[in-house]
Amino acid sequence: MITNTEQKANILSTSRSYKLINSPLSADSHFTLLRYFDTIRLQINKNVGANVDKRFKKFVIFVLAMLLTFFALFLVSKTKESNRTEKAEEWRPNIKEIILEPPTQKEIVCLDPGHGGKDVGAEYGSIDESEINLFVAKEVATDLVKSGYKVYLTRDDDTFIYKRDRARYCNSVNADILVAIHHNSYKTDRNVDYTTVLYYKETDKKLGSSLLEKIASNLEIRNQGISKFDNSELWIAKMPAVMTEAFFITNTAEYKLLQKDNSRLIVEAEAITEGIINFFTNPTQITDSASSDTLIIDRADLED
């Protein structure tokens, strides 16, 4: 009697020349496919016999091998799609400790801490933009949840995510707004410092203006106005979506404040929270603050 181990060895040895090309499947999955393939091959030998030209039998076996390969690739594509869905679930905020009751507000907010992972964003001295973006986003999320809003984060750790996937995630949770949190840099002139908010769609402008007014006021920094910015995250988002650029980390005074403690970032987070709540509660009181000045951003995002 042939054991399973011996059967597996026989199949792998007799089918070696027909193995799946560059197959990313596991060894067990690979063996299962080969077992089906070998069964079909033996059935062909039994039914067709020696009367059929050997070249024809080889051709039939080759066609079967190709079909199995395509089937394997199909399974792999489905697995990758499932992994992407699971990844989206992992991007939800880890703020359960402050969710004491169900949300009291109907609006859903999606916060996107810009950059992350291999994309650190702006860099200056010991400051990485991706880190302070995440700190501010978590502070805003905490404040909004305490105010009764349901909040989602595109990332809650140092993870790289494509910008278009961030927007699609916010779309998938039916968010009412998307606020991407960034900080600016301009190493050519360390005296440059102002706050701006970037938008793309006309429906983004009121949200951007509400955030900009609060950030400029609370941080006591020059209000540069909102600026139109062609960015995949902003135009894929189905809801009002903006990117905040609170200040320049390359500015000498700002850099010293960041090195001292997190108080500057906490004030920024409070301002963003106020701007979001103001957008929801007083939309008719917001006036657009468009800018005609040249936009200064000297960093490049790694990926779309």
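Numbers at a glance
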item: Any helices (runs of 4 or more DSSP H) falling wholly within the range 188-273 and containing at least 2 residues that are more than 23 Å from the chain's Cα centre (by Cα) and among the aliphatic types (A, V, I, L, M); result: 205-219, 252-260
item: Only listed residue being surrounded by fewer than 19 Cβ atoms within 10 Å (Cβ to Cβ), in contact with a Ser or Thr (Cβ under 7 Å, 6 or more places away or on another chain) and modelled with pLDDT under 95, chosen from Asp230, Asp288, Asp293; result: Asp288
item: Number of the condition not met by Ala141 [criteria: (1) under 18 Å from Ile276 (Cα atoms); (2) small (Gly, Ala, Ser); (3) outside any helix (DSSP H, G or I)]; result: (3)
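Table: residues versus (1) of a type in the set (Lys, Arg); (2) at pLDDT 95 or above; (3) out of contact with any Lys or Arg (no Cβ under 8 Å at 6 or more places or on another chain).
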| residue | (1), (2), (3) |
| --- | --- |
| Asp176 | no, yes, yes |
| Ala180 | no, yes, no |
| His183 | no, yes, yes |
| Tyr186 | no, no, yes |
| Asn191 | no, yes, yes |
| Thr195 | no, yes, no |
| Asp204 | no, yes, yes |
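The values are calculated or read from the model by the stated rules, or taken from the named source; none is laboratory data. Please read all numbers here as calculations on a predicted model, not as lab measurements. FYI the Cβ positions are ideal-geometry reconstructions off the backbone, even for glycines, and counts take in every protein chain you see.
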